[in-house]
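Every read-out reported here was derived from the displayed coordinates using simple, explicitly stated rules and does not represent laboratory data. Values in this document were obtained by computation on a predicted structure and should not be read as measured data. Cβ coordinates were reconstructed from backbone atoms using ideal geometry, including for glycine residues, and neighbour counts include every protein chain displayed.
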Amino acid sequence: MRSAKLAAAAQSLKRGSDVSGAAFCLAFLTDRALAPEPETIIGALPPGAAVILRDYEAPHRAALAQRLKAVCATHGILFLVGADLTLANNLGADGVHFPSWTDIRPAPGMIATAACHSALELEKAAAAGAQLAFLSPVFATQSHPGEQTLGAALFKSIARTSPLPVLALGGVDETNASQLAGRNVTGLAAISGFLPRPCSGNTA
């Protein structure tokens, strides 16, 4: 587990972001193909981190969400449901994460985060009421192989003028997060970045 190193990297980004009040600076996004034991990762997260339930096509997703929310509550971790405001409301989740293919509909009292890939998407997300954005993919990632990446320079340029604080997502880990430090970059999110490093050194 590399959670402690990722947490330290996220805190370093937060300190250099000129942002205060962001809901969290470190997030784990579930992916049953890459990280089939999310409870183990959740147990290693520091209090105040967040878990985003992706696994949009998972069978019995509501039961999965209920189980993971209970684990998060035990460890002081925020729990957000991806793309399902109804499920989030039913569970009493801390928030909803809106992928780029969904309309952003924030709910009172809930954290609203948005997946963004460009300056235009960040503007739209802010206008729709999102509070925090995941800007991706920064680097090559296992979860979206072959997708064009932003790279560190473009990522920082987009983030600098963002109307929302952003978390870096996509191939970000403890070895490269420092390349992304700058205005509005308030932390990072990862999937397999929380797993033991494979021999090839690939991350997501």
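Whats the longest run of the chain with zero GluC sites (Glu not before Pro) that are DSSP loop and have at most 13 other Cβ atoms within 10 Å?
Free of exposed loop sites, the longest segment is 58-146.
Length, then width, then depth: along the principal axes, the Cα atoms of the chain run 43, 41, 31 Å.
For the chain, a Gaussian network of Cα nodes joined below 10 Å ranks Gly43, Gly182, Gly109 by mean-square fluctuation, and the top entry is Gly109. Scaled against the 2.2 N^0.38 Å expected of a compact globular protein of N residues, the Cα radius of gyration of the range 1-55 reads 1.20.
For Arg197, the shell of other residues with beta-carbons less than 15 Å away shows a net charge of 0, using +1 for Lys and Arg and -1 for Asp and Glu.
Our estimate of slack between Arg197 and Asp31, defined as 0.36 nm per intervening residue step minus the Cα-Cα distance, is 58.1 nm.
Among the trypsin sites (Lys or Arg not before Pro) found in the range 101-204, those both in a DSSP coil and sparsely packed, with 16 or fewer other Cβ atoms within 10 Å of their Cβ, are Arg183. Comparing Leu13, Leu78, Leu87 in a Gaussian network model of the chain, where Cα atoms under 10 Å apart are tied by springs, the biggest mean-square fluctuation is seen for Leu87. The separation of the range 1-56 from the range 158-175, counted between C-alpha centres, amounts to 13 Å. By the helix-only formula, in which each DSSP H run with n ≥ 4 contributes -39500 (n - 2.57) and the sum is divided by residues, the chain has a 222 nm mean residue ellipticity of -9000 deg cm²/dmol.
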